[in-house]
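Values quoted throughout were computed directly from the atomic coordinates according to the rules given, and no laboratory measurement underlies them. Because the structure is a prediction, the values reported are computed rather than measured. Cβ placement follows ideal geometry from the backbone for every residue including glycine, while neighbour counts extend to all protein chains displayed.
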Amino acid sequence: MEEPDKGTQRPDSIPEVGEDAVNTVGPSASTMALTEEEQAELHSELAKVEDEIQTLSQVLVAKERQMAEIKRKLGITPLNELKQNLSKSWQEVTTSTAYKMTSETLSQVGQKATTAFSSVGSAISRKLEDVRNKPTFKSFEEKVETLKTKMSPTPSMGDNEADSYSTPDTEPVVKQPERTITPDQEPH
């Protein structure tokens, strides 16, 4: 069996690609194959690309400022933009297939629930009517009516009682004695 070299790294142990990884890994085989002239040219190109990125970043910042100024002049506030975005998003949601399917399903469920509640209400009404028409209930109803009649006082025609008697539907009648004022009783 061969023993692995202890001074070399295996290819699967190379760090991830990124700035730190580039700094930790030595020159690759492709950079060793480049001449100094080619390396200088690539460094120059890298510097140009970095400059372009910096310039584009500055242009982007300037354009964002210009956009903000134009929006300010037009009276477009962040709140207005948020409202427009929400409105647009809601419109997209309501036109989506999932929303339409859910809406239709909920509508059908609502209709079925309404029908079910209506049926239950009708059944309860019929059952109550059946109970009311049963002889037991009629007998109970008659007893309550009889009790009510017995509990209600009957008007008597006595002299004093007739004046002060009242029923729940009428106000009590109380006669006030008539008073006549003589000239010597008038207030001064």
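Structure values in brief
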item	result
Partner lysines for residue 73 [C-alpha distance under 21 Å; skip if fewer than 8 residues away on the same chain]	63, 83
Order of 34, 147 under a 10 Å beta carbon neighbour criterion, fewest first	147, 34
For the stretch 106-111, Karplus couplings with θ = phi - 60° (6.51, -1.76, 1.60), whole Hz, Gly/Pro x	5, 5, 5, 4, x, 5
Phi to ³J(HN,Hα) by Karplus 6.51 cos²θ - 1.76 cosθ + 1.60 over the stretch 69-82, Hz, x for Gly, Pro	5, 4, 4, 4, 5, 7, x, 7, 9, x, 5, 4, 5, 4
Qualifying lysines (Cα of each under 25 Å from Cα of residue 143; at least 8 residues distant if same chain)	127, 134
